[in-house]
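Remarks on the structure that follows.
Here, each number is a calculation from the coordinates, and none is a lab measurement. Note that the coordinates shown come from a computational prediction; the quantities given were computed from them, not determined experimentally. Note that we place each Cβ from the backbone using ideal geometry, even for glycine, and neighbour counts take in every protein chain shown.
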Amino acid sequence: MKNKTIIFFDGDGTLWYPIKTKHTVKPHWLYKDVNIKDYHSHLMLISTVESTLKKLKKLGIITVILSTHPHEKVEAYKIINKKVKYFNLGELFTEVHATREYYESKGEYILEILRKLKIPKTKALMVGDNYLWDYKPAKKVGIDALLVKSDYMKRDKRLKTVKNLSDILNYL
């Protein structure tokens, strides 16, 4: 898993999570609550995100957000970009994408971005918090993947996991 030049990150649960529930409940409940309109104000950045992203940028690693959203495409992109701006992360990501709400979507985006940038699969890594939405789609298209541990994901020793986002630096 060494020598990565591009890392794909999930958003919800990986870079940020709901203040109210942190890593105890899947973060997507936030979008289903009809009383919440400005999602970003209900979120907090995970503690090691900013320092880890700055180290990756210094190392010259390309970073891309691939965050699945249940909204229509245009609205989903507005929401994800508003979160990135809210957390002041814009300069730390090369690209930001709102992937579609089906399991294979992230894998499709990964392959498209790798083709566009002419980067081989062996140089890519996907980091997420959910097996079905992050880990499995990446592995299915031949990309290494890591999961950030949480209380809502079942523990499976066969999966590569990290306790903190900063632990991904050990896989470079």
| task | Among DSSP beta bridges whose residues both lie in the range 14-171, state the antiparallel percentage, nearest 5. | result | 20
| Two-decimal log10 I(q)/I(0) for the range 14-171, as the Debye equation yields it once each C-alpha is a single scatterer, q = 0.10 Å⁻¹ | -0.34
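Order 104-110, 57-63 from most to least packed using the mean count of other Cβ atoms within 10 Å.
Details: 104-110: 20.1, 57-63: 14.0.
So the order, starting with the most tightly packed, is 104-110, 57-63.
Would you work out the charge dipole size for the range 56-116 about its Cα centre, treating the Cβ of every Lys and Arg as +1 and the Cβ of every Asp and Glu as -1, and quote it to the nearest 20 debye?
Numbers: 11 positive and 8 negative charges, 58 e Å.
Dipole about the Cα centre, nearest 20: 280 debye.
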| remark: If one compares the long axis through the Cα atoms of helix 73-86 with the longest principal axis of the Cα atoms of the chain, the angle in degrees, nearest 10, works out at 90
| Around Val148, which amide H atoms from residues at least 5 apart in sequence, or from another chain, sit under 5 Å from its own amide H, with H modelled in the peptide plane? | Gly128, Asp129, Val162
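Between beta-carbons, use under 13 Å as the cut-off and find the net charge around Ser51, counting Lys and Arg +1, Asp and Glu -1. All intermediate terms of the calculation are to be shown ahead of the outcome.
Working: positive: Lys54, Lys55, Lys57, Lys58; negative: Glu50, Asp167.
Summing Lys/Arg as +1 and Asp/Glu as -1 gives +2.
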